[in-house]
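Undergrad: Take this structure, written in structure tokens, and hold onto it; I'll ask about it next.
The values are calculated or read from the model by the stated rules, or taken from the named source; none is laboratory data. As the structure is a computational prediction, the values presented were derived from the model and not from experiment. When we count neighbours, we look across all protein chains shown, and the Cβ atoms used for this are built from the backbone with ideal geometry, even at glycine. Each accessible area value is taken on the protein alone, full model and side chains, heavy atoms only, with ligands, DNA and RNA left out. Shrake-Rupley method; radii C 1.70, N 1.55, O 1.52, S 1.80 Å.
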Amino acid sequence: MEFLASLFVGKPQNILAVAAVFFLIYVTLRVSWPGAGGGHRSLLIASFAWGLYAIWELLVLAITPEANIRADLLVLWPVLGVISAWAVYKILDK
């Protein structure tokens, strides 16, 4: 868990990079595999969720930069984990 905290807490650029990876995979699969339909949307949803998390992290840094106890992450990280795992599953399931 400390590894995730060092990667994402206070670093919206890293979070945005994850969103960009999901989006790039979405675009790549959409172009190369256009008939798959709904499986691609899961990547777009994951990209959007990670993008929202990047905005949230930026707001936390701007409003409360001294925050060292982040109870919001108890909700955000499991939700992001489930959405990300679901997106990967939907693509591999095809």
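Undergrad: Please determine, by comparing only the residues of the stretch 1-16 that are loosely packed, with under 14 Cβ neighbours inside 10 Å and within 18 Å of residue 47 (Cβ to Cβ), which one is modelled with the highest pLDDT.
TA: The qualifying residue modelled with the highest pLDDT is 13.
Undergrad: Also: Going through 62, 87, 49 one at a time, which residue ends up being touching a residue at least 40 places away in the same chain (Cβ under 8 Å) and either of a type in the set (Gly, Ala, Ser) or exposed (fewer than 15 other Cβ atoms within 10 Å of the Cβ) (or both)?
TA: When all the criteria are applied, what remains is 87.
Undergrad: Now for a different question. Which residue pairs have Cβ atoms closer than 9 Å, lie 6 or more positions apart in sequence or on different chains, and pair a first residue in the stretch 1-25 that is over 14 Å from residue 53 (Cα atoms) with a second residue that is part of a helix (DSSP H, G or I) and open to solvent by 60 Å² or more (accessible area, probe 1.4 Å)?
TA: 23/44; 23/48
Undergrad: Answer yes or no as to whether residue 54 is modelled with pLDDT of 90 or more, open to solvent by less than 80 Å² (accessible area, probe 1.4 Å) and touching a Pro at 6+ places or on another chain (Cβ under 7 Å).
TA: Yes, satisfied.
Undergrad: For the stretch 16-34, what are the residues that are within 19 Å of residue 89 (Cβ to Cβ) and small (Gly, Ala, Ser)?
TA: 19 - this is the single residue of the stretch 16-34 that is within 19 Å of residue 89 (Cβ to Cβ) and small (Gly, Ala, Ser).
Undergrad: Looking at the stretch 57-67, is at least one residue over 24 Å from residue 2 (Cα atoms) and of a type in the set (Gly, Ala, Ser)?
TA: No: zero hits.
Undergrad: Hey, another quick one. Filter the stretch 21-80 down to the residues that are within 20 Å of residue 9 (Cβ to Cβ) and among the hydroxyl-bearing types (Ser, Thr, Tyr), then identify the one that is farthest from the chain's Cα centre (by Cα).
TA: Among those residues, the one meeting the criterion is 64.
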